[in-house]
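Please read through the structure below; I'll follow up with questions.
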Amino acid sequence: MKKLFFTLLLTLQSVILLAQSETEAVAACIQNYIDGTSYNKPGEISKAFYSEANLFLSHKEKPLWIVPISEYTKWFQKGQEGKFNGRLGRILSLSIFNDIALAKAEILIPEKKQEFIDMFLVKKIQGEWKIISKTASMISSDKVGKRILFIVSNAHYYGNSKIATGNSFAEIVNAYDTFTKSGYIVDFVSPEGGSIPLAYINTSDSLQKQYLYNPDFMYAIAHTLQPRDIKPELYKAVHYIGGGSAMYGVPENEAIQKIALAVYQDNKGILSSVCHGTAGIVHLKTKDGKYVVAGRKISGYPDSFEKQDGDYFKHFPFLIQKTIEERGGTFKFSPRNISHVEVDDRIITGQNFQSSSDVALKIIEQIEKVE
């Protein structure tokens, strides 16, 4: 019986790994198209497409404009190869069935106030994933293309216990909606990448319900980036999301720390957090070896608000407020269920999920002030 169990377990793991590798291969194919069209690299575009593929595009003088890939690649021979041409692209979603896949990407050209949605049909041909057709549609858009990085956790439980926890869905949604409505792009990174646990989902809240059933948004949640995928120079701010998960895997992760500090110090960007997400900044040190929180006014979820006789609390690796105060920071908060935001130069922190949107607005205000 044990042998059968382990055989089934190994089979399941193999299936999962195969699905992950196929997803990565399809994503790499689409990324070749994005990079090729953003940096005038016809070779990368050709690598993404099947040699006989067609693009089905809009044209003001004909109902459907069919463009062979051989012609399409020539459009990108005019610019300097390798030079960014203003096209900002990202994969929104993809799904795979056996040897076919559907993918969706967003292409922004802020200078022209254009937003394209590209839809791809992809097929595995002789062992390689290739785009066999693409269609696109464009609308006028005020999206600015500036990027914010949300830092989330993969932890499903409080420490080594079996007490379930997750990332606060309310905090994610409230901040995400505020940023995207202001024209910003939001990316997600977690220590391990991939899907993350969610907590505090309230479908009676209209905004949460809207995003819970938004396939592009939920795809991003289910496919968070790994630290190795992140280019810190692209981001204006990092934002640590709370929920019990935030206490585990994120604060001590060196790769995450390097990303946050690169955005904050090298980019002169903003370091932000909400609620238990503030756990993510307590260990950060500047280049001179000092704690980032030293001498700063910081908010987050207060130690006194925790259920200190609760089972979950026994598994906390440290106390947020106590640690910040020990490291020279001043911890500020208000009564429960009231938005409280602290702005100390380029460090912006909030007390709870009610503060999420206000923190996002302060971040936007700071970014727009210096640009």
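The values are calculated or read from the model by the stated rules, or taken from the named source; none is laboratory data. Quantities reported herein were computed from a predicted structural model and do not represent experimental measurements. Every residue, glycine as well, gets a Cβ built from its backbone with ideal geometry; the counts of neighbours run over all protein chains shown. Accessible surface areas use protein heavy atoms only, side chains included; no ligands, DNA or RNA. Shrake-Rupley method; radii C 1.70, N 1.55, O 1.52, S 1.80 Å.
Can we say Leu108 is open to solvent by less than 10 Å² (accessible area, probe 1.4 Å), assigned to a strand (DSSP E or B), in contact (Cβ under 8 Å) with a residue 12 or more places away in the chain and aliphatic (A, V, I, L, M)?
yes
Can I ask one more? Condition test on Asn253, is it touching a residue at least 12 places away in the same chain (Cβ under 8 Å), within 21 Å of Val152 (Cβ to Cβ) and open to solvent by 10 Å² or more (accessible area, probe 1.4 Å)?
Values: touching a residue at least 12 places away in the same chain (Cβ under 8 Å): yes; within 21 Å of Val152 (Cβ to Cβ): yes; open to solvent by 10 Å² or more (accessible area, probe 1.4 Å): yes.
So Asn253 passes the test.
To continue, here is another question. Just checking, which of Tyr248, Tyr219 is in contact (Cβ under 8 Å) with a residue 24 or more places away in the chain, more than 22 Å from Lys146 (Cα to Cα) and open to solvent by 20 Å² or more (accessible area, probe 1.4 Å)?
Tyr248
What are the residues in region 82-105 that are within 29 Å of Val144 (Cβ to Cβ) and either loosely packed, with under 12 Cβ neighbours inside 10 Å or hydrophobic (A, V, I, L, M, F, W, C) (or both), if any?
Gly82, Lys83, Phe84, Leu88, Ile91, Leu92, Leu94, Leu102, Ala103, Ala105
Between a first residue in region 278-290 that is farther than 20 Å from Asn267 by Cβ and a second residue that is of a type outside the set (Ser, Thr, Tyr) and surrounded by fewer than 13 Cβ atoms within 10 Å (Cβ to Cβ), which pairs have beta carbons less than 6 Å apart while being 6 or more apart in sequence or on different chains?
none
Conditions (1) open to solvent by 20 Å² or more (accessible area, probe 1.4 Å); (2) touching a residue at least 12 places away in the same chain (Cβ under 8 Å); (3) outside any loop (DSSP other than H, G, I, E, B), marked per residue:
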{"residue": "Lys123", "(1), (2), (3)": "yes, yes, yes"}
{"residue": "Ile139", "(1), (2), (3)": "yes, yes, yes"}
{"residue": "Pro191", "(1), (2), (3)": "yes, yes, no"}
{"residue": "Thr203", "(1), (2), (3)": "yes, no, no"}
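A follow-up question, please. Residue by residue through region 141-161, note down the ones that are open to solvent by 50 Å² or more (accessible area, probe 1.4 Å) and part of a strand (DSSP E or B). Show your work before the answer.
Just the residues of region 141-161 that are open to solvent by 50 Å² or more (accessible area, probe 1.4 Å), to begin with: 142-144, 156-157, 160.
Passing the criteria: only Tyr157.
A further question on this structure: Would you point out the residue of region 36-67, among those that are open to solvent by 70 Å² or more (accessible area, probe 1.4 Å) and in a loop (DSSP other than H, G, I, E, B), that is nearest to Leu108 (Cα to Cα)?
Ranking the candidates gives Tyr39 first.
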